[in-house]
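A.B. asks: Quick one: the structure is below, questions incoming.
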Amino acid sequence: MDLIKISIYLYVLFFITAGVNHFLNPMYYDSLVPKFIPFPRQVHQLTGVIEIILPLFLLTKFRSEAAL
């Protein structure tokens, strides 16, 4: 396995771990959402879902589109 593939897998793993952490440690992420944004819990949960799903596209043939 070349260095580029290893880097991609580590990148994907990092973002999936961060996304899952949005659900395991919600109080921390609630405090990061600015006060002027309504529904902070839902905002960071949506962000967690996005951080789980989007990196998976880097493992498919849609890598260049997902990287945008």
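Bear in mind that the values in this text are calculations on the coordinates, not laboratory data. These numbers were taken from a predicted model, which means no experiment stands behind them. We place every Cβ from the backbone using ideal geometry, glycine too, and count neighbours over all the protein chains shown.
A.B. asks: What does the convex hull of the Cα atoms of region 3-67 come to per residue, in Å³, rounded to a whole number? If you can, show how the numbers build up before the last one.
C.D. replies: On the way: hull volume 5.7 nm³, N = 65.
Looking at region 3-67, the number lands at 88 Å³ per residue.
A.B. asks: Here is a further query. With labels modelled as points extended 7 Å from the Cα through the Cβ direction, what inter-label distance (nm, one decimal) is found for Tyr11 paired with Ser64?
C.D. replies: Roughly 1.4 nm, to one decimal.
A.B. asks: Further, regarding this structure: Name the residues of region 37-66 whose amide N is less than 17 Å from a point 7 angstrom out from the Cα of Asp30 along the C-beta direction?
C.D. replies: What the label zone holds, given the 17 Å backbone N cut-off, is 37-48.
A.B. asks: May I ask you to order 45-56, 17-28, 1-12 by the average number of other C-beta atoms within 10 Å around their residues, highest value first?
C.D. replies: 45-56, 17-28, 1-12
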